[in-house]
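The values are calculated or read from the model by the stated rules, or taken from the named source; none is laboratory data. Source: prediction; values computed, not measured. Here the Cβ positions follow ideal geometry from the backbone for every residue, glycine too, while neighbour counts run over all protein chains shown.
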Amino acid sequence: MRFSSGFDVLDELLSGGYNSSEINMIYGPAASGKTTACFLAVLVIAKKGKKVLFVDTEKGFSVERIKQLVGKGYEKIIENIFVLNIDSFDEQKKKFLKLFSIVAEGDFDLVIVDTLGAHYRRALKENVYGVNKEMDDEFNILRDIAKKSRSGVLVTNQVYDSFKEKNKVEIVGGNMFRNWCGVLLELKKFSDNKRGISLIKSVKKEIKKDEKEIIFKIEERGFTPL
């Protein structure tokens, strides 16, 4: 089973959309389109009258941006979007312990976490082992939601400049984050409005070496392929 990204060209790259039984992760630099990508997937579900849980760790949820993307009638659609704010890694840990129950009891069709690595990145400086253990537990909860409930799971993550290769980036959380995700998509920022997205990993799709990167621009009403 798959759920739409809300961007037709990306759905084609993903053989029909995000994988509904895996953790789907989009990563990239700041202002590369991660949150807009989440909103596009959210709106596909919310427009059908189904419920979305948006876990917001960076205060990125914007009613005004939803209004831009939808236009008239956005008020009705936004009634189906429920925002769970998280302000610290400790709060994230506590709320994730209840997340499976919240999703099951709330009858949600999609769970968004934007961004998953923000508080982890800061907390890691204080207690590497303990924080990694907690993050591992949180991924386990997200995987259970994807596999045992009817909810799709889409998360975003940050990047940092690679210490090993020039002009390369690494995802926050490294291999631990990579290994938990069934689908990995990388966003790149080329100019003020030009972006690229590439499929890096998919457990249900063979990635061809010559598979092209999708080039697009971010506009008021979403993503437009170039």
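Do we have residue 221 as surrounded by fewer than 17 Cβ atoms within 10 Å (Cβ to Cβ), within 30 Å of residue 72 (Cβ to Cβ), out of contact with any Pro (no Cβ under 9 Å at 6 or more places or on another chain) and touching a residue at least 60 places away in the same chain (Cβ under 8 Å) here? Criteria met by residue 221. When region 1-46 is filtered for residues that are over 11 Å from the mean Cα position of the chain (by Cα) and polar (S, T, N, Q), the ones remaining, listed by number, are 4, 15, 19, 20, 21, 32. Looking across 167, 175, one residue alone is modelled with pLDDT of 95 or more, surrounded by fewer than 22 Cβ atoms within 10 Å (Cβ to Cβ), under 19 Å from residue 198 (Cα atoms) and more than 16 Å from the chain's Cα centre (by Cα). It is 175. Each residue in region 88-124 was checked for being without any contact (Cβ under 8 Å) to a residue 24 or more places away in the chain and among the polar types (S, T, N, Q), and 1 pass. For residue 199, the criteria (1) touching a Lys or Arg at 6+ places or on another chain (Cβ under 8 Å); (2) assigned to a helix (DSSP H, G or I) hold in every case but one, which is (2). Applying the condition of being aromatic (Phe, Trp, Tyr) and either outside any helix (DSSP H, G or I) or closer than 21 Å to residue 17 by Cβ (or both) to region 134-164 and asking which residue is modelled with the lowest pLDDT yields 163.
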